[in-house]
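Below: one structure, written as structure tokens.
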Ligand code: SF4
């Protein structure tokens with residue numbers, strides 16, 4: 001059986017899902033091809049019509065063991081340096097460009113106790129960094145701040161907790177205090193800003209205005225040096241050159257150093273798909289300008305980190321990792337043939353390995369293992385990442 005879990009967030013993601021289905025049939029002519037995820041959830045008929053597809057599983061059923069013949073609910077082997085823990089799914093909002101509510105349904109949250117138990121098990125297994133994920137993370141039932149606090153108290157051995165995409169308008173007081181005051185919550189926030197022009201934000205049916213975002217980021221950065229990332233859309237329907245300039249200026253006004261820029265692409269069935277569209281070449285050109293400006297900001301920011309000390313969690317293939325502020329750090333002297341995730345018997349054993357800092361240049365026998373935390377000194381900056389040596 002081949003299972004394809006397809007994303008439906010953009011037209012391109014749906015296209016890639018179709019490509020994956022066809023490739024799977026080509027590579028495994030006798031396998032059962034099963035499709036699940038948002039792509040098939042949003043356009044079930046189109047996927048059902050594909051001759052390569054044997055079965056479609058609804059999103060709501062894809063995690064139930066019974067769907068797959070009662071497989072035991074075991075944890076897959078850990079293969080990544082960071083552990084992504086989904087705590088929320090679905091969305092109750094109705095941003096006019098977004099097809100996610102069609103695919104994922106209403107917002108629901110994992111119970112706090114279950115999340116804490118899961119993260120405690122990951123830490124026991126050697127995980128040093130956990131990333132909390134959700135479609136609309138800040139709508140976590142009971143408040144994301146309460147969840148983060150429960151994790152920090154319930155799992156004292158967790159060294160690093162990172163938050164994925166947040167909505168600025170939904171950052172509650174407790175979350176604000178933890179993000180700005182708790183060292184184990186990493187100083188990096190990725191914000192769902194989307195645009196920097198109030199009229200476009202209203203047409204997107206976002207719940208914040210430009211100044212809300214600017215003010216929140218000023219408040220956050222006044223308390224802690226937090227690296228800001230953001231999702232931004234270029235070329236939303238009706239976007240004038242002046243409106244686009246406001247989004248461009250948001251890069252500076254919100255001190256954005258990790259930007260994800262999306263050229264607007266209409267999703268079938270969404271209100272934005274029925275609005276007057278910009279010409280594709282304009283959308284493309286604005287996305288390119290936004291990306292170029294974002295890249296220049298990032299390069300300038302990386303240079304400010306020269307000479308600093310950064311703790312990174314080592315990622316595959318063993319010669320790189322991300323700093324707390326999410327700057328990517330490469331260790332050019334380390335060779336990749338080293339490393340498999342360690343199998344720790346206890347958090348204290350893990351910490352012992354994590355603090356090893358004596359690897360010499362090119363000495364692969366003492367190179368860090370994937371998943372360990374190492375201290376690096378930043379010696380150089382390229383356009384999009386840092387270079388360092390083990391301190
Ligand atoms: S809040 Fe996020 S997931 Fe929900 S509709 Fe808006 S963009 Fe989509």
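Nothing in this text is a laboratory measurement; each read-out follows from the coordinates by a stated rule. Remember, predicted model here, so these are calculated numbers, not experimental data.
Over the stretch 1-137, what relative contact order in percent results from Cα pairs under 8 Å that are six or more residues apart?
Numbers: 197 pairs, mean separation 30.4, N = 137.
Across the stretch 1-137, relative contact order equals 22 percent.
Volume per residue, Å³, of the convex hull around the alpha-carbon atoms of the stretch 148-192?
Per residue, the Cα convex hull of the stretch 148-192 comes to 65 Å³.
What share of the DSSP beta bridges in the chain is antiparallel, in percent to the nearest 5? Working shown, then result.
Details: 18 of 52 bridges.
Within the chain, antiparallel bridges account for around 35 percent of the total.
If you wrap the stretch 82-304's Cα atoms in a convex hull and average its projection over all directions, what's the area in nm²? Provide the component values of the computation, followed by the final result.
Numbers: hull surface 48.9 nm².
Computing the convex hull of the Cα atoms and averaging its projections yields 12.2 nm².
What's log10 of I(q)/I(0) for the stretch 199-242 at q = 0.27, 0.34 Å⁻¹, Debye sum over Cα points only, no solvent?
-1.04, -1.24
Would you please report the Å³ per residue occupied by the convex hull of the alpha carbon atoms in the stretch 177-267? Can you show the working numbers first?
Details: hull volume 8.8 nm³, N = 91.
Here the figure is 97 Å³ per residue.
Calculate the all-directions average of the projected area of the stretch 226-339's alpha-carbon convex hull, and give it in nm². Don't skip to the answer; put the middle values down first.
Numbers: hull surface 39.1 nm².
So the mean shadow area of the Cα hull is 9.8 nm².
If I build a Gaussian network model for the chain, linking alpha-carbon pairs within less than 10 angstrom, which residue out of 116, 179, 34 has the largest mean-square fluctuation?
34
Quantify how much of the Cα-Cα distance distribution of the stretch 1-45 extends past 16 Å, in percent.
On the way: 309 of 990 pairs.
Taking all Cα-Cα pairs of the stretch 1-45, the fraction more than 16 Å apart is 31 percent.
Mind grabbing the base-10 log of I(q)/I(0) for the stretch 88-215 at q = 0.17, 0.21 Å⁻¹? Debye formula, identical points on the C-alpha positions, no solvent, two decimal places.
Cα-only, vacuum Debye calculation for the stretch 88-215: -0.91, -1.24.
Rounded to whole Å and ordered largest first, report the semi-axes of the equivalent ellipsoid of the stretch 1-143 derived from its Cα gyration tensor (root of 5λ). Let's see the in-between values first.
Working: eigenvalues 156, 88, 37 Å².
Calculated on Cα positions only, the semi-axes equal 28, 21, 14 Å.
How high is the relative contact order of the stretch 82-304, in percent, with contacts defined as C-alpha pairs under 8 Å that are six or more residues apart?
Working: 395 pairs, mean separation 39.0, N = 223.
Over the stretch 82-304, the number comes to 17 percent.
With the contact rule set at Cα under 8 Å and sequence spacing of 6 or more, what percent relative contact order holds for the chain? Could you put the intermediate results ahead of the total?
Details: 779 pairs, mean separation 50.0, N = 391.
With pairs under 8 Å counted, the relative contact order is 13 percent.
What is the antiparallel percent of DSSP beta bridges lying wholly in the stretch 82-304, to the nearest 5?
On the way: 2 of 27 bridges.
That works out to approximately 5 percent antiparallel.
Dividing the alpha-carbon Rg of the chain by 2.2 N^0.38 Å yields what?
The value comes to 1.04.
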